[in-house]
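Okay, structure first, notes after.
The values are calculated or read from the model by the stated rules, or taken from the named source; none is laboratory data. Note that this is a predicted model, so its numbers are computed, not measured. A quick note on method: Cβ atoms are made from the backbone with ideal geometry, for glycine too, and the neighbour counts reach across all protein chains shown. Accessible surface areas use protein heavy atoms only, side chains included; no ligands, DNA or RNA. Shrake-Rupley method; radii C 1.70, N 1.55, O 1.52, S 1.80 Å.
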Amino acid sequence: MKISPAQRVKGKLRVPGDKSISHRAALIAALARGDSQLRNFSSSSDCAATLDCLGKLGVRVERLGNDVRVRGVGTGGLSAPAGPLDCGNSGSTMRMLAGVLAAHEFSSILTGDDSLRLRPMRRIIEPLELMGAQVASENGYPPLRITGRKELRALSYELPIASAQVKTCLLLAGLHAHGRTEVVERTGSTRDHTERMLRWFGVSLELESEPARARADAVSRCAVNGPVSFDGREVRIPGDFSSAAFLIAAAALVPGSDLEIENLGLNPSRIQLLDTLRAVGADIEVVETREECNEPVGTLRILGSKAFDEADCALQDDAAADRLCRSTTISGSASAALIDELPLLAVVGTQLPGGIVIRDAGELRFKETDRITATVTNLRAMGAEVEEYEDGLVINGPVKLKGAVLDSFGDHRIAMAFAVAALLGEGASEIRNSACVSVSFPEFFECLESVVER
């Protein structure tokens, strides 16, 4: 994909359905009794992998455009698959579905592409085995062979790292377990789409948050009392904020821009990027909000700034957790909250006075690619001065980027982040293997081109 610099980003659009919510809606609908209608289902190949796996487990799935009908089989009602379940590039599919399969008395194999087979799975293996399932792996990596147990043991489990996927895995397993399954988060609260979706389907949850004694991070607890039965429902899925993030940043960075994004999911656990961009000078307004299916939804308007002001954004691990204060540092619990957007924020950092510091983000090395090295490589190709650390990077700014040949490394978020960078460059840029955006946002380049003026 070749991209030329932009004069402005202007227009009005919608992005496809939220990928995280779509995964959860499909999995929970499959465990419900009767039909569920999922409106505005994600167009991503990741979510298509989830639907494909459910079909191979005996769930009837019908797709018509952006809508999906799922005929649920009830908790414990899945059938043994005839062969391996291919999760493609989707870690969400593998980790969440593993929690469901752990409660079924048959063996199944979860596998995926070369990238997925390099992603760590011990974080779900250990708690699922504590619940009574058997999970064989390649030294903690896929493929996973899961032999389920009909009567899983309930447990209380404290997440060693912040992970919404692990939390979801255990809550879905807990729907089948006998007794109270509790997930405790002390390393920073993760996105809560699963809790919201379960409540939308009528599942009773126990939710609790309290201040930590030794740290400023909140301590959160979520518990479900199993086994649970519930009925199918209609679910309206909002636009994906993580996909919109690239368009938001593009409009904020290019002077003279005026972009509206409608029907966008505005879950508080997902929109820290807005506070971060506002703190460094971006002009972003929430025009209207409403709630649909337990999720906040609204319209964003982004106006391009002539220049970002002197940065005053710091997200620290101390009493200022998840708040903004002096400096352009992202660290601690904020790095976990912004993990998907950190490569994009690195691009933003090239335009900030003083640049940006990103630390405590070692998890980036275990995504679809090593996103720290990928980001550093591409930024250097565009003329940025970057220091790489094991857990992050430091960028000196501001700098005028130059057009370059860039590598997506097969990672959708790297491809989209550097499409934004290319809009700012002097001269055209080329992004190799740009088709990888289909993992989360197949329409990305089409949407981008529809609002870019040159």
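Numbers below:
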item	result
Among the candidates ALA381, ALA435, ALA421, ALA417, residue that is of a type outside the set (D, E, K, R), modelled with pLDDT of 95 or more, surrounded by fewer than 20 Cβ atoms within 10 Å (Cβ to Cβ) and touching a Leu at 6+ places or on another chain (Cβ under 7 Å)	ALA381
Pick from segment 62-76, criterion crowded, with 19+ Cβ neighbours inside 10 Å and among the aliphatic types (A, V, I, L, M), ranking: nearest to LEU175 (Cα to Cα)	VAL73
Residue list for segment 327-342, filter: touching a helix residue (DSSP H, G or I) at 6+ places or on another chain (Cβ under 8 Å) and either under 19 Å from PRO160 (Cβ atoms) or part of a helix (DSSP H, G or I) (or both)	ALA334, SER335, ALA336, ALA337, ILE339, ASP340, GLU341, LEU342
Total residues in segment 388-427, condition under 19 Å from ILE339 (Cα atoms), without any contact (Cβ under 8 Å) to a residue 40 or more places away in the chain and among the charged types (D, E, K, R)	3
Number of the condition not met by SER92 [criteria: (1) buried (at least 16 other Cβ atoms within 10 Å of the Cβ); (2) in contact with a strand residue (DSSP E or B) (Cβ under 8 Å, 6 or more places away or on another chain); (3) not in a loop (DSSP other than H, G, I, E, B)]	(2)
Residue identified as open to solvent by 20 Å² or more (accessible area, probe 1.4 Å), at pLDDT 95 or above and part of a loop (DSSP other than H, G, I, E, B) among SER42, SER79	SER79
Pairs, first part of a loop (DSSP other than H, G, I, E, B) in segment 49-67, second of a type in the set (Val, Ile, Thr), C-beta under 6 Å, six or more apart	VAL59/VAL73
Options LEU253, LEU247; residue that is under 15 Å from LEU345 (Cα atoms), modelled with pLDDT of 95 or more and more than 18 Å from the chain's Cα centre (by Cα)	LEU253
Selection count where residues are open to solvent by less than 10 Å² (accessible area, probe 1.4 Å) and either more than 15 Å from the chain's Cα centre (by Cα) or of a type outside the set (Gly, Ala, Ser) (or both), scope segment 25-39	9
The lone exception for PRO127 - which of (1) over 25 Å from LEU159 (Cα atoms); (2) within 26 Å of the chain's Cα centre (by Cα) it fails	(1)
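Each row is one residue, and each column tells you yes or no for (1) open to solvent by 20 Å² or more (accessible area, probe 1.4 Å); (2) touching a strand residue (DSSP E or B) at 6+ places or on another chain (Cβ under 7 Å); (3) over 28 Å from SER90 (Cα atoms).
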{"position": "GLN165", "(1), (2), (3)": "yes, no, no"}
{"position": "THR181", "(1), (2), (3)": "no, yes, no"}
{"position": "VAL184", "(1), (2), (3)": "no, yes, no"}
{"position": "GLU195", "(1), (2), (3)": "no, yes, no"}
{"position": "PHE201", "(1), (2), (3)": "no, no, no"}
{"position": "ARG221", "(1), (2), (3)": "yes, yes, no"}
{"position": "SER229", "(1), (2), (3)": "yes, yes, no"}
{"position": "GLU234", "(1), (2), (3)": "yes, yes, no"}
